[in-house]
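**Student:** Just dropping this structure here.
The values are calculated or read from the model by the stated rules, or taken from the named source; none is laboratory data. Computed from a predicted structure; not experimentally measured. All Cβ positions, even for glycine, are placed from backbone atoms using ideal geometry, and neighbour counts span all protein chains on display.
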Amino acid sequence: MNALKKYLPLIGTILLAGCGSPLSFESGQPVPPPSPTPLVRLPAVGQEWSYIQRDMFQGQEIGVLLERVNSVGAYVVIGRTMTSTLPKQSLLSDIALGHTTRESGQLANEVQGPWGEVLADPSWGKVLEFNPGIPLWPSNLGNPQPQTFNVRYSIPGGFASNLRWSSRMKVFGWEKIAVPAGQFIALHYENQIVYTSPNFSKTDCERRENLWFVPSVGRWVAKETSGSCMQPEQTNDPNLQASYRWELSSWK
């Protein structure tokens with residue numbers, strides 16, 4: 001069971017004074033698969049996606065993430081910029097709770113190669129480099145099936161290398177979903193991830209990503225992440241990790 005869903009009712013009792021209420025999980029309205037199956041938009045320099053990011057534990061808006069295609073070729077490079085909407089005090093409190101909150105500024109690039117297969121993913125707080133790359137959406141949108149990817153990952157700069165990453169992509173189906181950018185017909189799927197942490201004091205690490213992917217947008221329009229880890233010799237419930245939601249606010 002997703003650890004965050006299991007303990008979400010209890011989170012409100014441990015939040016700092018002045019923080020908001022936990023967010024409920026995103027849900028869409030199931031719809032029949034579109035016919036014909038839509039094609040995924042090809043990348044082009046200048047394409048942009050803007051997302052509002054929120055902390056699901058505290059219910060706070062953290063900021064706006066802007067992603068832009070900077071180059072297309074053998075690799076697709078997506079630049080990323082964060083504009084924080086939290087006051088400085090809130091940022092410091094969030095860091096004290098162990099969350100990964102980014103202040104305003106330029107972030108590391110995402111690298112795909114080919115389109116739809118991520119080689120360098122900076123969305124985890126540190127850049128993760130995968131070998132081989134991991135598909136970002138189901139390979140067959142017309143008949144999506146569960147897929148499992150067992151790869152290795154490294155963190156540049158000698159921080160960690162050749163660590164285990166096992167991801168299972170589970171497809172729920174097509175749904176109608178509303179986000180600030182509008183209403184979309186999206187494919188809803190979940191990545192269930194088990195990995196070796198670069199911090200060896202953490203064990204049994206798991207992450208979950210719920211995504212709503214819209215082929216005509218060329219990217220997801222909503223994403224939620226949650227996770228947990230254990231400490232050595234820990235026998236009680238796992239420690240929850242940061243949980244976030246991103247929703248598309250504009251795109252071009």
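**Student:** Is it true that some residue in segment 13-21 is of a type outside the set (Gly, Ala, Ser), within 18 Å of Val221 (Cα to Cα) and either modelled with pLDDT under 95 or buried (at least 18 other Cβ atoms within 10 Å of the Cβ) (or both)?
**Tutor:** At the first step, the residues of segment 13-21 found to be of a type outside the set (Gly, Ala, Ser) are 13-16, 19.
Among the residues that remain, those that are also within 18 Å of Val221 (Cα to Cα) are: none.
Within segment 13-21, not a single residue is of a type outside the set (Gly, Ala, Ser), within 18 Å of Val221 (Cα to Cα) and either modelled with pLDDT under 95 or buried (at least 18 other Cβ atoms within 10 Å of the Cβ) (or both).
**Student:** List every residue pair whose Cβ atoms lie under 9 Å apart, where the two residues are 6 or more positions apart in sequence or sit on different chains, the first residue falls within segment 50-67 and is more than 18 Å from Gly227 (Cβ to Cβ) and free of Cβ contacts under 8 Å to residues at least 60 places away in the same chain, and the second residue, located anywhere, is surrounded by fewer than 21 Cβ atoms within 10 Å (Cβ to Cβ) and acidic (Asp, Glu).
**Tutor:** Gly63/Glu103; Leu66/Glu48
**Student:** Kindly indicate whether any position in segment 218-241 is in a strand (DSSP E or B), acidic (Asp, Glu), out of contact with any helix residue (DSSP H, G or I) (no Cβ under 8 Å at 6 or more places or on another chain) and surrounded by fewer than 19 Cβ atoms within 10 Å (Cβ to Cβ).
**Tutor:** First, pick out the residues of segment 218-241 that are in a strand (DSSP E or B): 219-230, 239-240.
Of the ones still in play, those that are also acidic (Asp, Glu) are 224.
Add one more test, that the residue is out of contact with any helix residue (DSSP H, G or I) (no Cβ under 8 Å at 6 or more places or on another chain), and what stays is 224.
Within this subset, residues satisfying the condition of being surrounded by fewer than 19 Cβ atoms within 10 Å (Cβ to Cβ) are none.
The answer is no, given that none of the residues of segment 218-241 is in a strand (DSSP E or B), acidic (Asp, Glu), out of contact with any helix residue (DSSP H, G or I) (no Cβ under 8 Å at 6 or more places or on another chain) and surrounded by fewer than 19 Cβ atoms within 10 Å (Cβ to Cβ).
**Student:** Filter segment 217-246 down to the residues that are aliphatic (A, V, I, L, M) and in contact (Cβ under 8 Å) with a residue 60 or more places away in the chain, then identify the one that is farthest from Pro198 (Cα to Cα).
**Tutor:** To start, the set of residues in segment 217-246 that are aliphatic (A, V, I, L, M) comprises 217, 221-222, 230, 240, 242.
With the extra rule that they be in contact (Cβ under 8 Å) with a residue 60 or more places away in the chain, the set shrinks to 217, 222, 240, 242.
Numbers: Val217: 34, Ala222: 28, Leu240: 17, Ala242: 16 Å.
Looking at the filtered set, the residue picked out is Val217.
**Student:** Filter segment 157-182 down to the residues that are under 21 Å from Asn199 (Cβ atoms), of a type in the set (Gly, Ala, Ser) and either in contact (Cβ under 8 Å) with a residue 24 or more places away in the chain or not in a strand (DSSP E or B) (or both) and list them by number.
**Tutor:** Here is the first cut: in segment 157-182, the ones under 21 Å from Asn199 (Cβ atoms) are 157-167.
Those still in the list that are of a type in the set (Gly, Ala, Ser) too: 157-158, 160-161, 166-167.
If the condition is that a residue be under 21 Å from Asn199 (Cβ atoms), of a type in the set (Gly, Ala, Ser) and either in contact (Cβ under 8 Å) with a residue 24 or more places away in the chain or not in a strand (DSSP E or B) (or both), then Gly157, Gly158, Ala160, Ser166, Ser167 are the ones that fit.
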